[in-house]
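Below is one structure, written out as structure tokens; the observations come after it.
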Amino acid sequence: MSHLITFEGIDGSGKSTQVTRVEKWLREEGYDVLLTREPGGSELGEAIRSILLDHKWSMMHGRTEFLLYSASRAQMVEEIVKPHLKKPNGIVLIDRYDDSSTAYQGGGRKLGIDAVETVNHFATDNLTPDLTFVLDVDWETSRARLSSSRTDPDRLENNPRDFFERTRQAYHDLCTRYPDRMRLIDATESPDEVYNKIVLHLNKLL
Ligand code: TYD
């Protein structure tokens, strides 16, 4: 049986570290694992990613931003995700998926949760993850991690604090709305503790 598992959280939540560890573990367990990321994943998606993160487009409207993320996602779903899920034992791990749009564009940019979810369903052709981890950190922790790991913030990371507070709140609301699929994980703990919690949930699913 194949599975789609996604990782979410505000910038600096540590999800990329965790998804890489999970990928390694699942490969060792014998699964056919594909790890991809959003925005990007496909060649066309990576081209869209470079537009989205470029400071040159500081005037980009929230709806334009949302539709570009959705365009990148639609391509990734068709070109990469669906074919892999047809494989026996296939697992697709995605570093961000449509909940990122719901939280960042719906919550952070205030485009509205329901409007964003309607377009998400269209862009993904209704392909919903089996399990979604939301790695939860407060804004201070997020900033501290970003400033110690990187020197050059991208266009999205330059947003003010209240943008990230709204985005984080939207993730919390989504976890309440979809308790069967979504797991809110306290990601202020050590990477090992966070990883162990993720593995516990994955063992239940697999
Ligand atoms: P990403 O490369 O995952 O950043 P990080 O590794 O720092 O988490 O994502 C790039 C940015 O794009 C990030 O700030 C979140 C944002 N984003 C959205 O606003 N909406 C979306 O739908 C997606 C997929 C990402």
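The values are calculated or read from the model by the stated rules, or taken from the named source; none is laboratory data. For clarity, every value in this text was computed on a predicted model and none was experimentally measured. Counting neighbours? That spans all protein chains shown, and the Cβs are built from the backbone with ideal geometry, glycine included.
For PRO39, the requirement of being in a loop (DSSP other than H, G, I, E, B), over 29 Å from ARG166 (Cβ atoms) and modelled with pLDDT under 95 is not met. Just the residues that are within 15 Å of the ligand (Cβ to nearest atom) and either on the phi > 0 side of the Ramachandran plot or among the polar types (S, T, N, Q) (or both), please, taken from the stretch 80-106. The answer is ARG96, SER100, SER101, THR102, GLN105. The conditions of being assigned to a loop (DSSP other than H, G, I, E, B), within 15 Å of the ligand (Cβ to nearest atom) and of a type outside the set (A, V, I, L, M) are not met by PRO179. Scanning the stretch 183-203 for residues that are touching a residue at least 40 places away in the same chain (Cβ under 8 Å) and either in a helix (DSSP H, G or I) or touching a Leu at 6+ places or on another chain (Cβ under 6 Å) (or both) yields ILE185, ALA187, PRO191, VAL194, TYR195, ILE198, VAL199, HIS201, LEU202.
Could you tell me whether ARG63 is under 22 Å from LEU174 (Cα atoms), more than 18 Å from the chain's Cα centre (by Cα) and assigned to a helix (DSSP H, G or I)? Answer is yes for this residue.
Only one entry in ARG109, ARG168 is charged (D, E, K, R), under 14 Å from the mean Cα position of the chain (by Cα) and surrounded by 17 or more Cβ atoms within 10 Å (Cβ to Cβ), namely ARG168.
In the stretch 44-60, the residues that are in contact (Cβ under 8 Å) with a residue 40 or more places away in the chain form Cβ pairs under 9 Å with partners that are part of a helix (DSSP H, G or I) and loosely packed, with under 15 Cβ neighbours inside 10 Å, at six or more places apart or across chains, as follows: TRP57/THR64. Here GLU28 meets the list (1) charged (D, E, K, R); (2) more than 22 Å from ASP152 (Cα to Cα); (3) within 16 Å of the chain's Cα centre (by Cα) almost entirely, failing just condition (3). The condition of being within 24 Å of TRP25 (Cα to Cα) and among the basic types (Lys, Arg) holds for only one of ARG63, ARG96, ARG49, that being ARG96. Residues that are within 13 Å of the ligand (Cβ to nearest atom), modelled with pLDDT of 95 or more, closer than 25 Å to TYR195 by Cα and surrounded by fewer than 20 Cβ atoms within 10 Å (Cβ to Cβ) are absent from the stretch 67-79 altogether. Among the residues of the stretch 121-142, those identified as outside any helix (DSSP H, G or I), farther than 19 Å from VAL77 by Cβ and not β-branched (Val, Ile, Thr) are PHE133, LEU135, ASP136, ASP138. Tallying residues that are crowded, with 22+ Cβ neighbours inside 10 Å and either more than 16 Å from the chain's Cα centre (by Cα) or at pLDDT below 95 (or both) within the stretch 1-12 yields 1.
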